[in-house]
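Below: one structure, written as structure tokens.
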Amino acid sequence: MLDGKIDPKIGVHLVGHSFGGVVALAATMAKIVPVKKLTLFETVDVSVLEVFGMDAAMNKVNEFVVQFKEAYNNDEDYACARVIDFWGGQGSFEAIPQYIQQQMITMTQNNIRHWELIKNNAKPQAAYQSLNIPVNLVYGSKSNMVAKTISKTLHQHFPNSSLFEINGASHFMITTHTDECVEIIKE
């Protein structure tokens, strides 16, 4: 790094999807690794909504999280299905093979912890506005309003960002629209 700026000759192109997008964005903003380019496929960093006053989307998230925690606390068999369907659309969980569904049950408590971590991930507005690297922000045309709002809001506040919509894709675009995702990464 030179004077807090990334030397374009070094650094990585960091790519993240969903919660991986939250981690990639946090690592980039904290300058944990030298990042020369960032690509986020539907980062679920809901703290962005609070930072930039996106109240309708934040209210939807808060309502969802309350219902999700309640389902988990009431021992709902597949409380985790709520998260998959929230991000991917109704029926997304049903499309997952049963052996994976079973494994997801064991990860539900950890997912609840992720929601708390994300809500506490907020940075000052100036931190977003001063990110001086190219950032690709990607969402699907079939994605929910929250995911689209996060990507669009980041695009408005990152000085060097590009916004992509993958037609026909939802949150799980990296498995359903791999060719389009690869092309965006290569850009």
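Of note:
- Matching residues in the range 66-78 - criterion: being among the hydrophobic types (A, V, I, L, M, F, W, C) and under 24 Å from Ile150 (Cα atoms): Val66, Phe68
- The sole residue among Val65, Val61 that is surrounded by 17 or more Cβ atoms within 10 Å (Cβ to Cβ), closer than 28 Å to Leu14 by Cα and not basic (Lys, Arg) is Val61.
- Residue within the range 38-52 that is within 26 Å of Met173 (Cα to Cα), surrounded by fewer than 19 Cβ atoms within 10 Å (Cβ to Cβ), in contact with an Asp or Glu (Cβ under 9 Å, 6 or more places away or on another chain) and not hydrophobic (A, V, I, L, M, F, W, C) present: no
- Hey, Ile100 part of a helix (DSSP H, G or I), aliphatic (A, V, I, L, M), more than 15 Å from the chain's Cα centre (by Cα) and farther than 17 Å from Thr28 by Cα or not: yes
- Inter-residue pairs, beta-carbon under 8 Å, first assigned to a helix (DSSP H, G or I) and in the range 164-187, second among the charged types (D, E, K, R) and surrounded by 12 or more Cβ atoms within 10 Å (Cβ to Cβ), 6+ apart: Met173/Glu42; Met173/Glu180
- Residue in the range 101-120 that is of a type outside the set (Val, Ile, Thr) and farther than 23 Å from Glu70 by Cα present: no
- Picking from residues in the range 110-155 that are closer than 19 Å to His13 by Cα and of a type in the set (Ser, Thr, Tyr), the one that is surrounded by the fewest Cβ atoms within 10 Å (Cβ to Cβ) is Ser130.
- Pairs where the first residue, in the range 14-27, is over 15 Å from Ala127 (Cβ atoms) and the second is in a strand (DSSP E or B) and of a type in the set (Lys, Arg), C-beta under 8 Å, 6+ apart: Leu14/Lys37
- Looking across Val33, Val65, one residue alone is in contact with a helix residue (DSSP H, G or I) (Cβ under 7 Å, 6 or more places away or on another chain), outside the structural domain of Phe172 (by TED's automatic domain parsing) and either more than 18 Å from Val138 (Cα to Cα) or assigned to a strand (DSSP E or B) (or both). It is Val65.
- Hits in the range 28-46 (condition: in contact (Cβ under 8 Å) with a residue 60 or more places away in the chain and farther than 20 Å from Asn111 by Cα): Thr28, Met29, Val35, Lys36, Lys37, Leu38, Thr39
The values are calculated or read from the model by the stated rules, or taken from the named source; none is laboratory data. Everything numeric in this text was worked out from a predicted model, so none of it was measured. For neighbour counting, all protein chains shown are included, and Cβ atoms are generated from backbone atoms with ideal geometry for every residue, glycine included.
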